[in-house]
2 protein chains.
Amino acid sequence: MLENIKGNLIVSCQALPDEPLHSSFIMSKMALAALEGGAKGIRANSKEDIIEIKKEVDLPVVGIVKRDYEDSSVFITATYKEIDELMESDCEMIAMDATNRKRPNNIELAELVSYTREKNSTIQLMADIATLDEAVQAEQLGFDCISTTLHGYTEITKGKKLYHDDFKFLKDVLENVNIPIIAEGNVITPEMYKRCMELGAYSSVVGGAITRPKEITKRFVGMME
Amino acid sequence: MLENIKGNLIVSCQALPDEPLHSSFIMSKMALAALEGGAKGIRANSKEDIIEIKKEVDLPVVGIVKRDYEDSSVFITATYKEIDELMESDCEMIAMDATNRKRPNNIELAELVSYTREKNSTIQLMADIATLDEAVQAEQLGFDCISTTLHGYTEITKGKKLYHDDFKFLKDVLENVNIPIIAEGNVITPEMYKRCMELGAYSSVVGGAITRPKEITKRFVGMME
């Protein structure tokens, strides 16, 4: 998958149960729109959505399963169960929360990585991180690439946006790790996408700005409030 | 309908048969996303889509029927047939091509307006125009409002964009007609939407930038080509 996405756009096609577009059918058509628009990869949530998407488009998929657990704030591919579901989806890459937060049942991130590698040696692994320390750790754990997905979405990084200070956090990660870095999280405009790629991001994941019409509508309406 | 949309956003939810999201179901969910995002009106194409949308959201709808005719380049609600279909859809407003181009079967625009008024006196009429002359003519013909939809999309206006020269065309129309003017066509960013409203647009229709993920993807991908 990494070869396909180098220098290219990944479009995230997700709609959780409480969102207006929640439907594997709709997500598969969103993926088709992304393909026709020039995207080279898809990020998608849940085994069901990924299976539908793979019927519709011939693009590599980064799979995640978002699921809430009572004993942890980690919700992106948090346990063995989600890894197993993603293996069944035939996605080319699995992304998982790679933050330093406690996982459900105190599972260690390193254990999840080993588990995935043992079950399927060809599937690639993306580390969704929020801080520089987590990025460095992810490289040490043998992830194939790192995504800035969670920067701004953990207790420690709350309120931060990837684009703050001309993408300073992205620059810091790029300087300190050697595996491919994917810019993700608040890449909202074409100009921001361009800037991330110019700075050296290997690829960028854009989701809400393309596939969440409710969020886009809010951004328009918000201009006049 | 005009009261509802005053100072507010209308989201156009359209996907023609050759587009990836072509589906009345998907369009109804797009309309739901628009509603949840704060839109106060929907513009939609075809009786089928409008009926589905009206099941899903309680927002006024501007209806159109796009259909190609061999003897004319007019394709937005071009003849009596499309008017009849829209009457059956229960839309609150009908938008029709109000350019000076020859219509199919040489029907006159004035005849279409009279026909609609006679069949249903409560339905409102929007004139989709491309030039200032057409805007002035639309007001004389008794349209309830004018939309700049076709500016840039007719032979005479080819290559023009609504946002050119700080929305000069919109300003010209605003200065020369007294009925409400809707800014539509190439309102691509929240900033453009804001500018149109500040200049005095009664409302603005945003479509592609919210509900056409293929077009949005293209805009991102295009930055790196």
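Contact order for chain B, expressed relative to its length and based on alpha carbon pairs under 8 Å spaced 6+ residues apart, stands at 17 percent.
Summarising the label geometry, the points placed 7 Å from Cα in the beta-carbon direction at B:Asn105 and A:Asp172 lie 6.9 nm from one another. Shielding by partners for peptide A:30-36, expressed as the average number of C-beta atoms from other protein chains within 10 Å of each residue's C-beta, is 6. Backbone amide hydrogens, once placed in the peptide plane, bring A:Arg43 within less than 5 Å of A:Val11, A:Ser12, A:Cys13, A:Val62, excluding anything fewer than 5 places away on its chain. When the charge dipole of region A:2-222 is built from unit charges on Cβ atoms (+1 for Lys and Arg, -1 for Asp and Glu) and taken about the Cα centre, the candidate among A:Ala31, A:Ile188, A:Thr122 whose Cα reaches farthest toward its positive end is A:Ile188.
Sequentially through region B:62-78, phi angles give Karplus couplings (6.51, -1.76, 1.60; θ = phi - 60°) of 8, x, 9, 10, 8, 8, 7, 10, 5, 9, 7, 8, 6, 9, 9, 6, 7 Hz, Gly and Pro residues having no value and appearing as x. The H on the amide N of B:Leu125, modeled in the peptide plane, is under 5 Å from the matching H of B:Ile94, B:Asp144, B:Cys145, each at least 5 residues off or on a different chain. Applying the Karplus relation 6.51 cos²θ - 1.76 cosθ + 1.60 with θ = phi - 60° to region B:95-102 yields 3J(HN,Hα) values of 9, 9, 4, 10, 7, 8, 6, 5 Hz, where x marks Gly and Pro. Going by C-beta contacts inside 10 Å, put B:Glu92, B:Glu108 in order with the fewest on the left. The most exposed by this proxy come first: B:Glu108, B:Glu92. Put +1 on the Cβ of every Lys and Arg and -1 on every Asp and Glu Cβ in region B:78-225; which of B:Thr131, B:Gly207, B:Ala78 then has its Cα farthest towards the positive end of the dipole? Farthest towards the positive pole: B:Gly207. Is the protein assembly as shown rounded, prolate or oblate when judged by the Cα gyration tensor, a ≥ b ≥ c being the square roots of its eigenvalues, rounded requiring a/c under 1.5 and prolate requiring a/b larger than b/c? Cα axes put the protein assembly as shown in the prolate bin. Please name whichever of B:Met197, B:Phe143, B:Ile107 sits farthest to the positive end of the charge dipole of chain B, dipole taken about the Cα centre and charges placed at Cβ: Lys and Arg +1, Asp and Glu -1. Projecting each Cα onto the dipole axis, the largest value belongs to B:Met197.
Charges were assigned to the Cβ only: +1 to each Lys and Arg, -1 to each Asp and Glu. The resulting dipole of chain B about its Cα centre is roughly 540 debye.
The mean count of C-beta atoms from other chains within 10 Å of the C-beta of residues in B:184-196, rounded to a whole number, is 2. The Cβ shell under 10 Å around A:Ser46 holds other residues with a net charge of -2, Lys and Arg each +1, Asp and Glu each -1.
How far is the Cα center of region A:109-177 from the Cα center of region B:6-33, in Å? So the separation of the two Cα centres works out to 36 Å. Footprinting exposure proxy ranking of B:Arg117, A:Arg212, B:Arg103, fewest other C-beta atoms within 10 angstrom first, gives B:Arg117, B:Arg103, A:Arg212. Here's how it looks for A:Ser204: its modeled amide H is under 5 Å from those of A:Asn8, A:Ile10, A:Ala183, which are all 5 or more places away or on a different chain.
Can you compute the helix-only [θ] at 222 nm over chain B? Use -39500 (n - 2.57) per DSSP H run of at least 4 residues, normalise by all residues, nearest 500 deg cm²/dmol.
Details: 10 runs with 95 residues, N = 225.
Helix-only estimate at 222 nm: -12000 deg cm²/dmol.
Looking at chain A, the DSSP beta bridges with both ends there are about 5 percent antiparallel. Pull up the DSSP beta bridges for the protein assembly as shown and report the antiparallel fraction as a percent, rounded to 5. The antiparallel proportion sits near 5 percent.
Inter-chain neighbour count for B:8-16: the average number of beta-carbon atoms from partner chains within 10 Å of each residue's beta-carbon is 2. For region B:132-225, the square roots of the Cα gyration tensor eigenvalues, ordered a ≥ b ≥ c, give a/c of at least 1.5 with a/b greater than b/c, which places it in the prolate category. Loop-located chymotrypsin sites (Phe, Trp or Tyr not before Pro) in region A:144-218 (DSSP state other than H, G, I, E, B) with a sparse environment of at most 13 neighbouring Cβ atoms within 10 Å are absent.
Put a plus charge on the Cβ of each Lys and Arg, a minus charge on the Cβ of each Asp and Glu, and nothing anywhere else: the dipole of the protein assembly as shown about its Cα centre is then about 560 debye. This ranking places A:Thr116, B:Thr189, B:Thr217 by how few other beta-carbon atoms lie within 10 Å of each, fewest first, which gives B:Thr189, A:Thr116, B:Thr217.
Rule-based calculations on the coordinates, nothing more; no lab input. Model, not experiment: these values are computed from the prediction. When we count neighbours, we look across all protein chains shown, and the Cβ atoms used for this are built from the backbone with ideal geometry, even at glycine.
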